[in-house]
Each structure stands twice: as C-alpha cells, then as structure tokens.
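Below is one structure, written out as structure tokens; comments come after it.
The values are calculated or read from the model by the stated rules, or taken from the named source; none is laboratory data. Note that the structure is predicted; figures quoted are calculated from it, not measured. Note that each Cβ is placed from the backbone with ideal geometry, even for glycine, and that neighbours are counted across all protein chains shown. Surface accessibility is based on the protein's heavy atoms, side chains included, excluding ligands, DNA and RNA. Shrake-Rupley method; radii C 1.70, N 1.55, O 1.52, S 1.80 Å.
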Amino acid sequence: MSDRSEALFDDAKQVIPGGVNSPVRAFKAVERNPVFIKNAKGSHIFDVDGNEYVDYVCSWGPMILGHAYPPVIEAVKKACDNGLSYGAPTENETVLAKLILEAVPFMDKVRLVNSGTEAVMSAIRVARGYTGRDKIIKFRGNYHGHSDGLLVTAGSGLLTESNPDSAGVPKGYTATTLLADYNDATSVEALFKANPGEIAAVIVEPVSANMGVVPPKEGFLQFLRDITKANDSLLIFDEVITGFRLAFGGASEYFGIQPDMITFGKIVGGGMPLAAYVGKADIMNVVAPVGSVYQAGTLSGNPIAVTAGIKQLEALKSDKAIYDRIDSYAKKLEEAYLEKGFTVNRVGSLLSPFFTSGPVVSYADVLKCDTNKFAAYFRSMLSQGIYVAPSQFEAMFVSDAHTEDDLDKTIKAIQNI
Ligand SMILES: *Cc1c(COP(=O)(O)O)cnc(C)c1O
C-alpha cells in the first residue's frame, strides 16, 4: 500500500523541485516513487501508509544508535525549553569540541558548522589559506558535499581536465580541483609532478562510501600521508561518513593514519544539522577571528544540535563494544549477500552489495555495475519490509539498534530477491 505516499509526493512536487529536499530521496534510480516517512524508532522506520521497514539507511548514517535514541531525545526536549538559538557562545559547544578531540587526540581545535558540505568547503578554504596554494586533489567517485569547487567527479580521463558535474557551476570554479583515481597512487604522483608547489591539499574519503563502499587498498592512505608531507601539502580526511562509525576515532583510528585536517558530519550531530572540521592548532589558527580565513554561521554551534551531538558521542564513547556489535551484524548481512552471489565490500558497519561479477576496487569498477538489476533488487527488498539505500552507489548503514530478528528477516529477504 502506498496511496498516501503517492498523494503526498504529487503534492510535494507542486512546491518543491522533484518533491524532495535532497535528490536521492526521490528514488529516481530505482524507478519508483518514494515512501513518505511518518516516524521511526530503533531500527525501524514507518511510512504514512502504515508500512514498517527495517531501516539500513539510518538517515544516511547519523542514526548509528537507532532512531529516537532515548538519551538524545530526552536531552533535546529539555534543551528546547531554554530557547532554540542565541547566536552567542555557550558552554556546551566547548563540551562537544572536547568530546570530538577525544576521538582524534592528535588534533587541537574544532570549528562547528551546520552540514558536511559546509565542513568540507571550509576545511578546503583553511587549507588554501594556510598553505597559500590554490589547487586541491580529489578522487573520482568521492563525494564531499555540493559546494561548487567539489562537484567534479569524472573528467574525460585527462588528468588535468576538471569539468563540473552540475549545471550552474562555472568552469573556473573547478579549475583548481584536480582529479585522481581512488586507490591509484600513480594518478596522484602524476598530479604532484605536474603541479609542483601548487597543491594545497589532498582530500579523500578514507573509505569511499559515496560510490558504494570501496575500501582503501593496503598502503594507499599511508601513501597519501607520505606524498602530502613530502610536498608540504595538507591531507584532509573527509570523515563525514566514517567518523565515529568505523571506530570512536573514525578512520584515522581504524587505519592508524593521522591526517592534517578531518571533517565530520552525520553521526557527530546525533541526527541534527551539525558538522565540524578539526585540525592542528597552527592550521586552525588561520580561521577568523584569530586569522584571516573567514568562515561563519548564524546557527553554527546551535544549542539543540550541540546537545544531540554530545549525548550521541557520550553514548558511543562509553560503550565501545558498540563497534564490535555493529561490525558483527554487518558481517552476517555480508555473508548472506555473498551466498546469493553478490560482490560485497564491507568495512565495519558499512557495506555494499554490488551487481557486478568482478571485485570492486575503483570508480571504474563501480561504473560497471548493473543499475537495472539494482533497481529490481531495491524494489523487492522494500516490498519485503527492508529499506536499503535507493541507489547502487550508496552504502548500507547498520546500527546498534538492529536486532537478531531484523537480521533474520533481512537475510530471508536477500534469499528471496
Ligand atoms: C554526506 C557527505 C557530505 C556532505 O554532507 P551534508 O551534510 O550532506 O552536506 C560530505 N562528505 C561526505 C563523505 C559525505 O558522505
């Protein structure tokens, strides 16, 4: 049954482009209309037609403890009574900053912002301001939010050509974005060689999770650490997905690599619009009002969002066994997909089943996947009460709220697709 979702979607399309406030929600890639959500609790999400789903989107990652996690909800309700925003500093911003730094103890300072897009955009401005250089290297298939200079994914294959992915982005805005291939050290070396002394930073998703999950090859992140250091460039880990997910300390802890800057989003806000960028003191001190790199936000450090972030991070910090649990849940799903004949990539609680026969280690491998088969699989899973990401190029997110019953039900659905 989806009558009410269909009606609400029709209505929404009259006043919102495509009926959604973020494109992937429109379910276009899976050739059906979206379900409209009424509420969610734990690992389950409920639509307006009374359907219940086991949720593996988890708001695209933030709900690592499950939906409506009581300590977060209670604290947020209480915080609301004190007013929603002041535009002035509060004690809790420091509490959250210190919690974030406990996760990445080799970092010194944190700036809170409102979205992952903003965190990455700001971190890159800081890297440019700090190094006095303009160019950055990003990887094809890595997503860093929708700011102009980062909306470049696939060029023509020429190392130096950077065409915007989106209309409305002037070519000049992406001219300083150089593209390399994820897991391909040679492509990075070539860019450093062709642009000596000009590269401010390399930005990378330490585990690619926006082209489906693609883990870094052994040694790849260390290679990035070494080549950036050798060229006085900064290494930025975009941990908007991996932060507080692969471990409390995110990918830097998981892989034992210390980048110069890290961006956080999604989990760090506990489901509220909050993100952050962090760095060493000498780098972060270029940010206004201390330094000359301007970055600001009317709602940055919002008291309600900060409260949600604190409660979620406190829960993750106090029970690190969460990470073993969600890893083991994801492993069970991985096994079921493998048994069904999928190619599967998994890192901790992030996983992607791919519709392709070979291994998936690069963006080029990802592009070989059969998206029509994916669409049919998605529709089958949804009809069986399992809500996975509506695209081959997104990760599945497992939460601590998923139960044995949920997993059994999901495994049966996988066997039935
Ligand atoms: C989601 C995401 C972003 C953008 O975050 P928003 O909060 O959607 O702006 C940036 N980088 C990565 C790796 C992401 O997954």
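What to note about this one:
- Relative to the 2.2 N^0.38 Å rule of thumb, the stretch 105-156 has a C-alpha radius of gyration ratio of 1.26.
- For the stretch 69-84, Karplus couplings with θ = phi - 60° (6.51, -1.76, 1.60), whole Hz, Gly/Pro x: 4, x, x, 5, 4, 4, 5, 5, 4, 5, 4, 4, 5, 8, x, 8
- Cβ-based net charge around N142, under 13 Å, with every Lys or Arg adding one and every Asp or Glu removing one: -4
- Which of N114, V366, N39, positive extreme of dipole for the chain (C-beta unit charges): N114
- For q = 0.18 Å⁻¹, Debye-computed log10 I/I(0) when each Cα of the stretch 242-296 counts as one equal scatterer: -0.70
- Cα→Cβ-extended label distance, 7 Å offset, between E31 and I73, nm: 3.8
- Around the amide H of D400, modelled in the peptide plane, lie the amide H atoms of L65, G66, all under 5 Å away and 5 or more residues distant in sequence or on another chain.
- Distance between the pseudo-spin-label points of K280 and S59 (7 Å out from Cα toward the beta carbon): 3.4 nm.
- Nearest-10 value in Å² for the accessible area of L112, using the 1.4 Å probe: 20
- The D165 and T371 beta-carbon pair, evaluated with R₀ = 22 Å, returns a calculated FRET efficiency of approximately 0.80.
- Spin-label zone in the stretch 205-227 - amide nitrogen under 19 Å from a point set 7 Å from the Cα of K331 along the C-beta vector: 215
- Of all aspartates and glutamates in the structure, those lying under 15 Å Cα to Cα from K317, and not within fewer than 8 positions of it along the same chain, are E102, E253, D400.
- Shape category assigned to the stretch 370-412 from the gyration tensor of Cα positions, a/c cut at 1.5: oblate
- Applying the Karplus relation 6.51 cos²θ - 1.76 cosθ + 1.60 with θ = phi - 60° to the stretch 26-43 yields 3J(HN,Hα) values of 6, 6, 4, 5, 10, 6, 7, 7, x, 8, 8, 8, 9, 6, 8, 8, x, 8 Hz, where x marks Gly and Pro.
- Accessible area of the chain belonging to carbon and sulfur atoms, whole % at 1.4 Å probe: 52
- In the stretch 127-227, GluC sites (Glu not before Pro) in a DSSP loop with at most 14 other beta-carbon atoms within 10 Å: E161, E218
- Placing +1 on each Lys and Arg Cβ and -1 on each Asp and Glu Cβ, with no other charges, gives the chain a dipole about its Cα centre of roughly 380 debye.
- Under-5 Å amide H pairs with L178, H placed in peptide plane, nonlocal only: I136, I137, K138
- Full-extension gain in nm, K412 to D324, via 0.36 nm per residue minus C-alpha separation: 29.4 nm
- Rounded, prolate or oblate (a/c below 1.5 giving rounded, otherwise prolate when a/b exceeds b/c) for the stretch 291-365 by Cα gyration tensor: oblate
- Looking at the stretch 32-99, the chymotrypsin sites (Phe, Trp or Tyr not before Pro) that sit in a DSSP loop and have at most 13 other Cβ atoms within 10 Å of their own Cβ are Y86.
- Alpha-carbon gyration tensor eigenvalues x 5, square-rooted, for the chain, Å: 32, 27, 21
- Computed with a 1.4 Å probe over protein heavy atoms only, the accessible surface of the chain comes to 42 Å² per residue.
- Built from the Cα atoms of the stretch 70-318, the convex hull projects on average onto 13.3 nm², one quarter of its surface area.
- The stretch 70-318 - percent relative contact order, Cα under 8 Å, separation 6 or more: 29
- Antiparallel bridge percentage (DSSP; both residues within the stretch 70-318; nearest 5): 40
- Reducing the stretch 272-350 and the stretch 187-257 to their Cα centroids gives an inter-centroid distance of 16 Å.
- Length added when fully stretched, E189-L299, from 0.36 nm per residue minus Cα-Cα: 35.6 nm
- Bridges between two residues of the chain, per DSSP, are antiparallel at a rate of about 60%.
- Three-way shape label, the stretch 136-263, alpha-carbon gyration tensor, a/c 1.5: oblate
- List D282, D81, ordered by accessible area with a 1.4 Å probe, largest first: D81, D282
- Neighbourhood charge, 12 Å Cβ-Cβ cut-off, centred on R111 and excluding it, Lys, Arg +1 and Asp, Glu -1: -1
- Local net charge near A230, Cβ-Cβ under 14 Å (Lys/Arg +1, Asp/Glu -1): -1
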